[in-house]
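The values are calculated or read from the model by the stated rules, or taken from the named source; none is laboratory data. Just so it is clear, the model here is predicted, and its values are computed rather than measured. No Cβ is skipped: glycine too gets one built from the backbone with ideal geometry, and neighbour counts run over all protein chains shown. SASA here: full protein model, heavy atoms, side chains in, ligands and nucleic acids out. Shrake-Rupley method; radii C 1.70, N 1.55, O 1.52, S 1.80 Å.
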Amino acid sequence: MAATKSFSALFLQLIFLLFVVNSANAQLKVGFYSKTCPRAEAIVKEVIDQVMYVAPSLAGPLMRMHFHDCFVRGCDGSVLLNATKSSQQVEKDALPNLSLRGYQIIDRVKSALEKECPRVVSCADIVAIVARDVTVASKGPNWEVETGRRDGRVSIGAETLTNLIAPNVNITTLITRFQAKGLNLKDLVVLSGGHTIGTSHCSSFNSRLYNFTGKGDVDPTLDSEYVKRLKVKCRPGDQNSLVEMDPGSFKTFDNSYFTLLTKRRGLFESDAALLDNSVTKEYIKAQATGKGSSFFEDFGVSMVKMGRVDVLTGKKGEIRKVCSKIN
């Protein structure tokens, strides 16, 4: 009898633990703010539409902010935190994030939401919703954003070096970094397609043009005509000039990125590396020839999947009043 009671108690504990775990996971869902802040997503869209009308070039950086947030400590808004006098270097001040722009837009959205429903919508969710809205504003796909993330209280600059994707990595590193976040080969090639909008500093690919192996040579995987065009815009050692990642349509979200890759015109080594794997290469070829699945649909699916990486839900973390500092 005692053994039976002991087993029953253990069983009930397991059921309780499963309920707690599933409840935490269930916190992330479409329409999380439907009762607590019904106009939350509408307010974000209003602000972003205003911003995109006057500064469409911010679409790329704001979309990539979501990537950079999720790949370090999960999608917890840690990329938004400013350093304090007592803190070490934070994510936004680390080298891989110095090219990010648009923090003031996140602050603008947060201010609008705080007026409507104070301390309800997390900064992490704002980053995720903004990424979707700037994509739509760039004539890209729309998808339902799962919300319910809470904000982290820690931001460590050094963690960007071991988690974010450098522009000069090979296919092995790309696969490893994505798998570490629970993302597969399709997610890798689909999310890389986000390079269809935005610009890059010459410093991210300058070595491909002038000193690829340290002998003053050019990366042989780059199309020679493309090299000529890039050298006109980027002189040796140029750190600051900007180049379109998807020449001709860098303000429009489309699948021309994949066509460029088949012509050996991917701007970064990490772009060209996608041709070194049979799965990612097949996806690229299918998109370039118009015979593949819908890139727009695939992008939405992979963005939702990425948006689930190591999220804080339930009572973990906090809802920041100001996105750049913890409460």
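Values for this structure:
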| item | result |
| --- | --- |
| Selection from segment 157-192 of residues that are without any contact (Cβ under 8 Å) to a residue 60 or more places away in the chain and more than 13 Å from the chain's Cα centre (by Cα) | T162, T172, T173, T176, Q179, A180, N184 |
| Every residue from segment 87-97 that is touching a Gly at 6+ places or on another chain (Cβ under 7 Å), in a helix (DSSP H, G or I) and open to solvent by 10 Å² or more (accessible area, probe 1.4 Å) | D93 |
| Residue that is nearest to S224 (Cα to Cα) [pool: residues in segment 258-312 that are among the small types (G, A, S) and open to solvent by 30 Å² or more (accessible area, probe 1.4 Å)] | A288 |
| Answer residue from segment 148-161, given it is open to solvent by 10 Å² or more (accessible area, probe 1.4 Å) and in a helix (DSSP H, G or I) and is nearest to E318 (Cα to Cα) among those | E159 |
| Test: residue in segment 73-86 that is assigned to a helix (DSSP H, G or I) and more than 18 Å from D125 (Cβ to Cβ) | no |
| Pairs with Cβ under 8 Å, 6+ apart, first in segment 30-43 and open to solvent by 50 Å² or more (accessible area, probe 1.4 Å), second among the aliphatic types (A, V, I, L, M) | V30/V145; T36/V120; E41/I129; E41/V145 |
| Considering residues of segment 129-147 that are among the β-branched types (V, I, T) and outside any helix (DSSP H, G or I) only, the residue farthest from V311 (Cα to Cα) | V145 |
| Residues that are touching a residue at least 60 places away in the same chain (Cβ under 8 Å) and in contact with an Asp or Glu (Cβ under 8 Å, 6 or more places away or on another chain), drawn from segment 201-245 | F205, R208 |
| Failed criterion for T4 (all others in (1) at pLDDT 95 or above; (2) more than 16 Å from I126 (Cβ to Cβ) hold) | (1) |
| Those residues of segment 114-140 which are acidic (D, E) and surrounded by fewer than 20 Cβ atoms within 10 Å (Cβ to Cβ), in sequence order | E114, E116 |
| Meets criteria (within 27 Å of the chain's Cα centre (by Cα), within 18 Å of N168 (Cβ to Cβ), open to solvent by 30 Å² or more (accessible area, probe 1.4 Å) and hydrophobic (A, V, I, L, M, F, W, C)) for L230 | no |
| Selection count, segment 173-199, where residues are open to solvent by 10 Å² or more (accessible area, probe 1.4 Å) and either touching a Gly at 6+ places or on another chain (Cβ under 6 Å) or among the polar types (S, T, N, Q) (or both) | 6 |
| Residue match in segment 119-128 (condition: more than 21 Å from G314 (Cα to Cα) and in a helix (DSSP H, G or I)) | no |
| Every pair of residues 6+ apart whose Cβ atoms lie under 9 Å, when the first sits in segment 64-81 and is more than 15 Å from G157 (Cβ to Cβ) and open to solvent by 10 Å² or more (accessible area, probe 1.4 Å) while the second is of a type in the set (A, V, I, L, M) and outside any helix (DSSP H, G or I) | R64/L100; F67/L164; F67/I165 |
| Filtered residue count, segment 185-201, keeping only those that are over 12 Å from I165 (Cβ atoms) and in contact with a helix residue (DSSP H, G or I) (Cβ under 7 Å, 6 or more places away or on another chain) | 10 |
| Number of the exception - K281 against (1) touching a Leu at 6+ places or on another chain (Cβ under 6 Å); (2) assigned to a loop (DSSP other than H, G, I, E, B) | (2) |
